[in-house]
Amino acid sequence: MIRIVSPCLLAPYLFISALSAKTPVQAKHGMVVAQEPLAADAGLTVLKSGGNAIDAAIAVGFALAVTHPVAGNIGGGGFMLIRLADGRTAFLDFRECAPKKATRDMYIGSDGNPTRESIVGWRSSGVPGTIAGFETARQKYGSKRWANLVAPAIKLAREGFLVSDDFAASLRGPSNPLQLDPESRRIFLRNGRPYDAGETLKQPELASTLERIAANGAKEFYQGETARQLAAAMQANGGLITEADLRDYKTIERNPLNGDYKEFHVITSPPPSAGGVGLLQMMGMLEGTDYDSAGPDSPKAVHYEAEAMRRFYADRSEYLGDPDFYNVPVRQLLDKKYLNWRRGTIDATRATPSDIIGPGLPKSLDARVSWKESEETTHYNVVDEKGNAVAVTYTLNNSYGNGITAPGLGFLLNDEMDDFAAKPGAPNMFGMLGSDANAIEPGKRPLSSMMPTIITKNGRLFMVAGAPGGARITTGVTEVILDVLDFHMNAQDAVDLPRFHEQWKPDVLYLQDGFPKENQEALRKMGYEVKPTNAVARVEAIVVDNGILAGGTESRLHGKVSGY
Ligand code: GLY
């Protein structure tokens, strides 16, 4: 049974209003939680018409590419984690890969420092994987016809949909990359008159591309008219992706990462995701402490979690990358003896300076790190009546990717190449450091923080979770999972609780707006440099409690839990 945590049961440090127990949306048969309501409803319609969770996930993904172009996409990539009702699991890696012409130093300028070309312009895109991933998912695990799953997105693109407040605000964002590209400026910003809330946005070029994909399948995107047009536009604009890159792109089905935590079984994302390793490492370090004895967001809980985060991010910078190109030592990183030793280096009362955990902070670090969480990446969860569960995180990387719309094709391109380590020791957009493990090589997939995750208890589905949020995905998702597993919060309260983030370098503990003030002071006294932040990932969760699905999407945002 999930208990609603009652404020009066909690330690004195707790911030009462943050735990103002909200009831999550509940449903008996099926549920979709997504960051955009029209897309969530598209998935629910598929479930109600007899489609399974995989069918619904594909329909949601296509719909988000129309209604949530800030991150929903067909020009990017991501991960899909599936747990079928009979217990079988699958992980589809449809992450972008580096084009054949990519080189290790392609983003190093003449001064020896990283340029901005990994996030700006045509050279920042990796080969998109979304359409290949969705097609593999349908062929192997879906039940509906492909065209039926693309149809809701075609309708939304062709007939248009009402622009919401937050979409309108996002289009006006000062650092919006859409303004840098003539095709994006025309489609989304009407050449200087961005859509207001309540106006209808139609995307006829995208509708036509989706119609061809509906008729011809993924072959259209990778070998058809769409591939030809995209490769020609790349060539005309100095981009690297060729017809051969598109033709050779493949979804990779990997074994999900598995681990146990207390009475729970964790099924999560393997490399090239760093997130799953992070979740299991942090759980391994926390298990064996009584970090949860003083309640969620208490100084004690935050201290232990932050120290586990610090140690994981130090490992991430050195060991994690695409396992098809680098021998990623997953087994060693999750070894109990290793995690026991790591836990033993945590001082129960003081923050450990990051400099004594891993290699020293490079002088260049702070220059590119000025975190304002953008809306990059999106996540959604689906559970169907039979108990099949799907968690998908997919992305263009930055908000609206590199801001470039492929001319005549109507979809935005990713800037996923920035997730590689352009230069060992130099931080990427998220302040992440990397090494050879994540260096650029043709065909390689950049290290990701995305981590769709499914948790079972006694062999039964218990929780489905994931989030967008760049490098903070790992900490945000881990916190919400722990809030449910250890602090017995319901799905809605868990996603709403103010979060925190520590990523080893810089040596700062970020506390989300709304974090209890008195706890901040206590953490400062323990040696943390604390700084405020507007967000730590945007987590979405479904928790199954006594056969009832309970969904949580953050009250601070505009997602939707659709159930029946
Ligand atoms: N592009 C963000 C991530 O994959 O972590």
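Within the range 403-423, identify whether any single residue is within 16 Å of the ligand (Cβ to nearest atom) and more than 16 Å from G76 (Cβ to Cβ), and answer yes or no.
Looking only at the range 403-423, we keep the residues that are within 16 Å of the ligand (Cβ to nearest atom), and these are 403, 412-422.
This time we only want the ones that are more than 16 Å from G76 (Cβ to Cβ), so: 421-422.
Yes, because at least one residue in the range 403-423 is within 16 Å of the ligand (Cβ to nearest atom) and more than 16 Å from G76 (Cβ to Cβ).
Out of curiosity, is N237 open to solvent by 60 Å² or more (accessible area, probe 1.4 Å) and touching a residue at least 12 places away in the same chain (Cβ under 8 Å)?
yes
Checking A63 against (1) among the aliphatic types (A, V, I, L, M); (2) closer than 20 Å to L413 by Cβ; (3) part of a loop (DSSP other than H, G, I, E, B), only one condition comes out false. Which one?
So the condition that A63 fails would be (3).
Taking the criterion of being in a helix (DSSP H, G or I) and either among the charged types (D, E, K, R) or open to solvent by 60 Å² or more (accessible area, probe 1.4 Å) (or both), would at least one residue in the range 548-555 satisfy it?
Scanning the range 548-555, I find no residue that is in a helix (DSSP H, G or I) and either among the charged types (D, E, K, R) or open to solvent by 60 Å² or more (accessible area, probe 1.4 Å) (or both), so the answer is no.
Need pairs with beta-carbon distance below 9 Å; first residue over 25 Å from P194 (Cα atoms) and within the range 145-171, second charged (D, E, K, R) and surrounded by 16 or more Cβ atoms within 10 Å (Cβ to Cβ); sequence gap 6+ or separate chains.
If the second residue must be charged (D, E, K, R) and surrounded by 16 or more Cβ atoms within 10 Å (Cβ to Cβ), the pairs left are R145/R138; W146/E135; W146/R138; N148/D55; L149/D55; L149/R138; V150/E211.
Looking at (1) under 20 Å from the mean Cα position of the chain (by Cα); (2) more than 10 Å from the ligand (Cβ to nearest atom), which is the only condition P442 fails?
Here P442 meets the rest and fails (1).
Say whether the condition of being closer than 21 Å to N148 by Cα and part of a loop (DSSP other than H, G, I, E, B) is met by at least one residue in the range 75-87.
Checked against the condition, which is being closer than 21 Å to N148 by Cα and part of a loop (DSSP other than H, G, I, E, B), the range 75-87 yields at least one hit.
Which of the residues that make up the range 521-541 are of a type in the set (D, E, K, R) and open to solvent by less than 20 Å² (accessible area, probe 1.4 Å)?
E540, the sole residue that qualifies.
Condition (residue is open to solvent by 30 Å² or more (accessible area, probe 1.4 Å) and under 27 Å from the mean Cα position of the chain (by Cα)) applied to the range 211-223: is it met by at least one residue?
Looking for residues that are open to solvent by 30 Å² or more (accessible area, probe 1.4 Å) and under 27 Å from the mean Cα position of the chain (by Cα), one finds at least one in the range 211-223, hence yes.
Would you tally the residues in the range 147-170 being crowded, with 16+ Cβ neighbours inside 10 Å and in contact with a helix residue (DSSP H, G or I) (Cβ under 6 Å, 6 or more places away or on another chain)?
Residues meeting the conditions: 9.
Inspect the range 256-272 for any residue being of a type outside the set (K, R), touching a residue at least 40 places away in the same chain (Cβ under 8 Å), buried (at least 19 other Cβ atoms within 10 Å of the Cβ) and at positive phi and give the result as yes or no.
no
L523 passes all but one of (1) within 16 Å of the ligand (Cβ to nearest atom); (2) touching a His at 6+ places or on another chain (Cβ under 9 Å); which number fails?
For L523, the failing item is (1).
So N414 fits all but one of (1) open to solvent by less than 10 Å² (accessible area, probe 1.4 Å); (2) in contact with a helix residue (DSSP H, G or I) (Cβ under 7 Å, 6 or more places away or on another chain); what number is the exception?
Looking at each condition in turn, N414 falls short on (2).
Please specify each residue of the range 385-401 satisfying the condition of being open to solvent by less than 10 Å² (accessible area, probe 1.4 Å) and either more than 16 Å from the ligand (Cβ to nearest atom) or over 15 Å from the mean Cα position of the chain (by Cα) (or both).
Matches in the range 385-401: A389, V390.
The values are calculated or read from the model by the stated rules, or taken from the named source; none is laboratory data. Bear in mind the structure is a predicted one, so any value in this text is a computation, not a measurement. Note: ideal-geometry Cβ built from the backbone for every residue, glycine included; neighbour counts use all protein chains shown. Note: accessible area is taken over every heavy atom of the protein model, side chains too, but ligands, DNA and RNA are not part of it. Shrake-Rupley method; radii C 1.70, N 1.55, O 1.52, S 1.80 Å.
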